[in-house]
Amino acid sequence: MRAITLSNTTLSSRTDYPAPSPREGEVLVRVLRAGVCETDLQLIKGYMGFSGVLGHEFVGIAESGKFKGQRVVGEINCSCWACPTCEAGAPSHCPNRTVLGILNHDGAFADYIAVPQKNLHVVPDGMPTDVAVFTEPVAAAFQIPAQMTIHRHDRIVVLGDGRLGNLCAQVLAHLSKDVTLVGKHQEKLALLGRRRDIKTALLNDFPAKRDVDIVVDCTGSPTGLPTALKVVAPRGTIVLKTTVAGEQTLALAPVVIDEVTILGSRCGPFDRALTALDTDEVDVLPMISARYSLDQGVAALEHARTKPSLKVLIDVES
Ligand SMILES: [Zn+2]
Ligand SMILES: [Zn+2]
């Protein structure tokens, strides 16, 4: 089959890659559409030392199992369901897990991907495939209200005008009446123009007044957390949504003095994300910047790496 593979930071477009043989509990999914994510770009730089087929955001058709013949999306953590962490109800933290396209499991930039049946969710009938491919990042945004209570009057700032920042701002604006997306790119901030409930500001113009109750760092940059510390109010919360490869040095005394809570936040609820996409709670189509065929998958990743873009899609089968 065709596949975009990574081996020691070398990307290849293959036509002779062996189709996955599903492990116990897994079903084969024929991929229709996949999305390029910032994590894919980090993996290419060597993050996690991943080798194999890239890609973890996808929509496909289940070839077997109880959803056979239906369009599905899949959660990315493949957990063992037998260890104490899984039994305690935190399978996304399973120490034995593999992760689609990220850790010891081939991903979705290919004609086929093997996915645990348990991970699959059926895509609602009327939902365009281009919308459904955003389920994984929208779910990640919904992890924030799953982890903490958001109040109507909370002043919220989302740092980073990329795809995840955009989605977090959209999700949080349904819960708080005071959400501001802060970024460096006027054209990316403008994409939220139709959402009158979200304010936008350029980073250089945004005052560091230390009066923000919740700061969400979606910058993917080592500068995100220090910036968040400059704007968060005493007893406020900083939510870290993006992983930054490498180590970071910063003064943590303000965290103690101001009793700031720092909350890490990763994968979220797919059911909630599908409902939000189905009812237009979040608007995703304006974020599609480019699309490539699977044969041009290497060019798709190159586009995402080098050109300003919010979402690059790979049409595996159109
Ligand atoms: Zn991703
Ligand atoms: Zn487990």
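Values as computed for the structure displayed
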read-out: Among (1) in contact (Cβ under 8 Å) with a residue 60 or more places away in the chain; (2) more than 16 Å from ligand 2 (Cβ to nearest atom); (3) over 27 Å from L167 (Cα atoms) - the single one G69 does not satisfy; value: (1)
read-out: Residues within the range 38-49 that are open to solvent by 10 Å² or more (accessible area, probe 1.4 Å) and either at pLDDT 95 or above or within 16 Å of ligand 1 (Cβ to nearest atom) (or both), tallied; value: 8
read-out: Leading residue by the ranking (surrounded by the fewest Cβ atoms within 10 Å (Cβ to Cβ)) among those in the range 6-27 that are touching a residue at least 60 places away in the same chain (Cβ under 8 Å) and closer than 24 Å to P137 by Cβ; value: L11
read-out: Condition broken by V99, with the remaining ones in (1) within 16 Å of ligand 1 (Cβ to nearest atom); (2) surrounded by fewer than 18 Cβ atoms within 10 Å (Cβ to Cβ) satisfied; value: (2)
read-out: Some residue of the range 3-11 being at pLDDT 95 or above, in contact with a helix residue (DSSP H, G or I) (Cβ under 9 Å, 6 or more places away or on another chain) and over 26 Å from Y292 (Cα atoms); value: no
read-out: Contacts under 6 angstrom Cβ, first residue in the range 183-197 being open to solvent by 50 Å² or more (accessible area, probe 1.4 Å), partner at pLDDT 90 or above and part of a loop (DSSP other than H, G, I, E, B), 6 or more apart; value: H185/D161; D197/A173
read-out: Any hit, the range 49-60, residues being of a type in the set (G, A, S) and under 22 Å from G165 (Cα atoms); value: yes
read-out: Members of the range 70-79 found to be touching a Pro at 6+ places or on another chain (Cβ under 8 Å) and not in a strand (DSSP E or B), listed by number; value: S79
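For (1) more than 16 Å from ligand 1 (Cβ to nearest atom); (2) among the small types (G, A, S); (3) modelled with pLDDT under 95; (4) part of a loop (DSSP other than H, G, I, E, B), each residue gets a yes or a no:
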residue	(1), (2), (3), (4)
G55	no, yes, no, yes
F58	no, no, no, no
K68	yes, no, no, yes
T85	yes, no, no, no
G107	no, yes, no, yes
I113	no, no, no, no
E136	no, no, no, no
A140	no, yes, no, no
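The values are calculated or read from the model by the stated rules, or taken from the named source; none is laboratory data. A quick note: this is a predicted structure, and the numbers were derived from the prediction, not measured. Positions of Cβ are generated from backbone atoms using ideal geometry, with glycine treated the same way; all protein chains shown enter the neighbour counts. Areas reflect the complete protein model, heavy atoms only, side chains present, ligands, DNA and RNA absent. Shrake-Rupley method; radii C 1.70, N 1.55, O 1.52, S 1.80 Å.
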